[in-house]
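Reviewing the structure listed below.
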Amino acid sequence: MSAPAPAADPKAPASQTGKAGIVGKDGAPMVLVIAGEFTMGDRVFGPVHKVYLDAFYMDQYEVRTSLYAMFLKMNKREKPYNWQFVDMQADGDRPVIGVDWYDAEAYCRWAGKRLPTEAEWEKAARWTDGRTYPWGNGRLDKTKASYNWDGKRRWEGYRILSVAGSYETGKSPYGIYDLAGNVWEWVADWYDRDAYKNSPTRNPQGPSAGEFKVFRGGSALSHPADITAALRNRGSPTGRAITIGFRCAQSVPKPSPTPVRPAR
């Protein structure tokens, strides 16, 4: 029997409880990504194609270490790689790392959510105009994302990761942070290099099976070319790395049909 999900955090920002967002069961703010069409893929990770997605909610921030600690406390799961070096006081608002795909999927399910599909992740990052980065097509600089901007970054512990919400000018038009850099993010899809060639144009779910799972967005150790919003990466679903974390998504409930009353 799985442990119950936590109640919503009463201290969650009020601005996220309005029309444009909700607070998830784990207390994390989620942002509404409206239904509609967007451009997916680019000339390298293509082909470029149009995709229609139903509305969904996406975590505004990558899942934080403090939230994952709460999940571990309520569930008997293996601790993330490098967990012994976490200082919860100093690192609680930094993204959790060292989790495999199954860990990420289990957390999202526990929180009443799910991992985003690859298409959902890309729409959240690229908006509807096929932009290169979440903030647009402008010049890439270190004020917009946490990445290896000078080619000299090395792993120096959790302090190399940014606290949630650090890059205000790097958020997407939906108001979602760190979709470029900081940590790679697991998504739901199995990886297939040619997936876009035969992908449905409406709510694609990715291949039904595969060897690797997709992760997106780049990390604090990624070079500039590796944090574009269309770039695809993959790894073993059982692999744990210091550069990979995740965020969750949630479907928008469809309204129940209005019952038709018989005429009198």
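Taking first residues from the range 81-109 that are closer than 11 Å to R64 by Cβ and in contact (Cβ under 8 Å) with a residue 12 or more places away in the chain and partners that are outside any helix (DSSP H, G or I) and of a type in the set (D, E), the Cβ contacts under 7 Å between residues at least 6 apart in sequence or on separate chains come to P95/E62.
Annotation: G112 fulfils all but one of (1) among the small types (G, A, S); (2) assigned to a helix (DSSP H, G or I); (3) surrounded by fewer than 21 Cβ atoms within 10 Å (Cβ to Cβ); (4) at pLDDT 95 or above; the unmet one is (2).
Might you let me know whether the range 50-72 holds any residue that is modelled with pLDDT under 95 and in contact with a Ser or Thr (Cβ under 9 Å, 6 or more places away or on another chain)? Checking the range 50-72: not a single residue is modelled with pLDDT under 95 and in contact with a Ser or Thr (Cβ under 9 Å, 6 or more places away or on another chain).
The residue that is farthest from the chain's Cα centre (by Cα), among those in the range 13-42 that are modelled with pLDDT under 95 and among the hydrophobic types (A, V, I, L, M, F, W, C), is A14.
I'd like to know if the range 224-240 contains one or more residues that are part of a loop (DSSP other than H, G, I, E, B), under 18 Å from D93 (Cβ atoms) and not β-branched (V, I, T). Checked against the condition, which is being part of a loop (DSSP other than H, G, I, E, B), under 18 Å from D93 (Cβ atoms) and not β-branched (V, I, T), the range 224-240 yields no hits at all. Can you find a residue that is touching a Gly at 6+ places or on another chain (Cβ under 7 Å), under 18 Å from T243 (Cβ atoms) and of a type outside the set (S, T, Y) anywhere in the range 147-170? So far as the range 147-170 goes, no, none of its residues is touching a Gly at 6+ places or on another chain (Cβ under 7 Å), under 18 Å from T243 (Cβ atoms) and of a type outside the set (S, T, Y).
What is the residue count in the range 188-212 for residues that are part of a loop (DSSP other than H, G, I, E, B) and touching a residue at least 40 places away in the same chain (Cβ under 8 Å)? Quick ask: steps written out before the conclusion?
As a first pass, look at the range 188-212 and keep what is part of a loop (DSSP other than H, G, I, E, B): 191-194, 198-201, 203-212.
Going one step further and asking which of them are touching a residue at least 40 places away in the same chain (Cβ under 8 Å), we end up with 191, 199, 201, 203-206.
So the count comes out to 7.
How many of the residues making up the range 129-187 are assigned to a helix (DSSP H, G or I) and at pLDDT 90 or above? Walk me through it before giving the result.
First, pick out the residues of the range 129-187 that are assigned to a helix (DSSP H, G or I): 158-160, 168-170.
Right, trim to at pLDDT 90 or above and you get 160, 168-170.
Of the residues in the range 129-187, 4 are assigned to a helix (DSSP H, G or I) and at pLDDT 90 or above.
Output the residues belonging to the range 160-201 that are surrounded by 12 or more Cβ atoms within 10 Å (Cβ to Cβ) and of a type in the set (K, R). Correct list: K171 only.
Filtered by the rule that a residue be within 11 Å of R240 (Cβ to Cβ) and not in a loop (DSSP other than H, G, I, E, B), the range 69-102 gives W83, W101, Y102.
When R94 is tested against the conditions (1) in contact with a helix residue (DSSP H, G or I) (Cβ under 9 Å, 6 or more places away or on another chain); (2) of a type in the set (K, R); (3) surrounded by fewer than 20 Cβ atoms within 10 Å (Cβ to Cβ), the lone failure is (3). Looking across R139, R77, R154, one residue alone is surrounded by fewer than 18 Cβ atoms within 10 Å (Cβ to Cβ), out of contact with any Pro (no Cβ under 8 Å at 6 or more places or on another chain) and under 20 Å from L221 (Cβ atoms). It is R154. Hey, any hits in the range 43-60 for a residue that's under 16 Å from the mean Cα position of the chain (by Cα), part of a strand (DSSP E or B) and not hydrophobic (A, V, I, L, M, F, W, C)? Within the range 43-60, one or more residues are under 16 Å from the mean Cα position of the chain (by Cα), part of a strand (DSSP E or B) and not hydrophobic (A, V, I, L, M, F, W, C). Entry remark, the range 45-74: residues being surrounded by 17 or more Cβ atoms within 10 Å (Cβ to Cβ), closer than 20 Å to L32 by Cα and not basic (K, R) number 10 in total.
The values are calculated or read from the model by the stated rules, or taken from the named source; none is laboratory data. All figures in this text were calculated on a predicted structure; none of them were measured in a lab. Glycine also receives a Cβ, built like all others from the backbone with ideal geometry; neighbour counts cover every protein chain displayed.
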